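Engineer: Sharing a structure, written as structure tokens. Questions coming.
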Amino acid sequence: MTFLPKRDVLSLEELERIAGAFIDRGVRKIRITGGEPLVRRDITTLLARLSRRLESGDLDELTLTTNGTQLTHHADVLHALGVKRINVSLDTLDDEKFERLTRRNALSQVLRGLDAAQAAGLKVKINAVALKGVNDQELPSLIEWAHGRDMDVTLIEVMPLGEIEEDRTDQYLPLMAVRDGLEAKWILSPIEKRTGGPARYVRVEETGGVLGFITPLTQNFCSGCNRVRVTCTGRIYTCLGHDDYIDLREAMRGSEPDAALSAALERAMVTKPERHGFQIETPGAAPAVARHMSVTGG
């Protein structure tokens with residue numbers, strides 16, 4: 001775990017200012033993610049301030065991506081602050097695999113968090129990364145379990161981001177192969193569902209639930225990507241597959257913060273790349289970008 005000096009992390013007021021600048025430019029949906037956003041002490045204060053933009057009609061949706069470990073403490077508050085749906089990252093329902101993947105024995109804690117979220121009235125979607133030789137055989141049962149609890153599921157191809165202990169080519173599982181296997185078991189009917197993200201959705205007729213596929217490698221979705229990500233240190237990344245960033249913290253802490261922030265955001269939008277640079281075909285190849293997913297969020 002990396003601990004950043006307090007001066008390097010954006011303050012609550014700076015985070016709110018950046019969110020407001022995006023809203024003023026027409027952004028209608030904001031997702032708080034991480035790492036795990038609910039471990040930040042003042043996160044509910046930030047959500048409370050952003051929820052005012054929901055009440056005023058400036059913002060259509062405020063959502064959250066979480067690992068689920070803190071939901072028992074925060075689910076009711078999230079719902080009260082206008083968060084209607086959340087994504088929970090969960091790759092397995094097996095205790096041993098969960099501990100190996102997350103380096104913590106917390107599956108039961110996550111499951112209690114899911115109970116709390118649904119009891120609070122939050123709509124839950126499970127995000128699962130498809131990992132060859134790890135959870136590939138478990139994916140159908142994970143989908144059935146989630147759909148049985150009225151939770152949608154989105155499957156995600158592993159992306160070559162940051163340093164991990166295992167070779168990504170060993171874990172890479174094309175979702176087209178996963179879908180072929182699921183179609184041998186179920187009827188998957190394409191549906192028109194848009195959440196502002198890259199997933200393409202089907203309905204599993206036998207379970208009645210919704211299943212999404214995020215395929216950055218086998219089916220490039222860059223042409224439809226309208227997302228940018230801002231880190232807790234103020235770096236704005238306009239693409240997960242590139243290391244280029246613009247420093248919003250530096251802009252806001254200068255002599256003319258409002259003008260500098262506006263100029264930095266304009267520059268970021270203009271320089272958003274046409275597509276990512278992910279490659280995973282070469283065994284042992286270095287990651288496409290050096291930072292881990294937790295730096296910018298999913």
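No lab work stands behind these numbers, since they all come straight from the coordinates. Not measured: the values here are computed from a predicted model. Quick reminder, even Gly has a Cβ in these numbers, built from the backbone with ideal geometry, and neighbours come from all protein chains shown.
Engineer: Once each part is reduced to its C-alpha centroid, what is the distance from the stretch 239-254 to the stretch 35-80 in angstrom?
Structural biologist: Computed from Cα coordinates, the inter-centre distance equals 24 Å.
Engineer: If you plug each phi of the stretch 75-85 into the Karplus form 6.51 cos²θ - 1.76 cosθ + 1.60 with θ = phi - 60°, what whole-Hz ³J(HN,Hα) values come out, in order, with x for Gly and Pro?
Structural biologist: Result, ordered by residue: 4, 4, 5, 4, 5, 5, 8, x, 6, 9, 9 Hz.
Engineer: List every residue whose amide H lies under 5 Å from the amide H of Tyr172, counting only residues 5 or more places away in sequence or on a different chain, with H placed 1.01 Å from N in the peptide plane.
Structural biologist: Lys132
Engineer: Taking H as built 1.01 Å from N, whose amide H comes closer than 5 Å to the amide H of Thr63, not counting residues under 5 places away?
Structural biologist: Those qualifying (amide H under 5 Å, at least 5 residues apart or on another chain) are Ile30, Arg31, Ile32.
Engineer: Limiting things to C-alpha atoms, what are the Rg and the maximum Cα-Cα separation (Dmax) for the stretch 62-190, in angstroms?
Structural biologist: Expressed in Å, the Cα Rg and Dmax of the stretch 62-190 come to 15.3, 43.
Engineer: I need the peptides 184-190, 72-78 ranked by packing, meaning the mean over residues of other C-beta atoms within 10 angstrom, with the highest value on top. Before the final figure, lay out each step's value.
Structural biologist: Numbers: 184-190: 12.0, 72-78: 19.4.
Per-residue mean Cβ counts within 10 Å order the peptides as 72-78, 184-190.
Engineer: Taking every DSSP beta bridge with both residues inside the stretch 9-268, roughly what % is antiparallel (nearest 5)?
Structural biologist: Around 35 percent of the beta bridges assigned by DSSP in the stretch 9-268 are antiparallel ones.
Engineer: Which peptide among 25-31, 110-116 comes first, and what is the full order, when sorted by highest mean count of other Cβ atoms within 10 Å?
Structural biologist: Descending mean neighbour count gives 110-116, 25-31.
Engineer: Can you list residues from other chains, or at least 5 along the same chain, whose modelled amide H is less than 5 Å from the amide H of Gly241?
Structural biologist: For Gly241, the qualifying residues are Gly277.
Engineer: Hey, what do the phi angles of the stretch 46-59 turn into as Karplus ³J(HN,Hα) couplings, whole Hz, using 6.51/-1.76/1.60 and θ = phi - 60°, x for Gly and Pro?
Structural biologist: Coupling constants for the stretch 46-59: 4, 4, 4, 5, 5, 5, 5, 6, 5, 5, 7, x, 6, 10 Hz.
Engineer: If we count every other residue with Cβ under 14 angstrom of Leu62's Cβ, Lys/Arg +1 and Asp/Glu -1, where does the sum land?
Structural biologist: Once all neighbours under 14 Å are counted, the net charge is +4.
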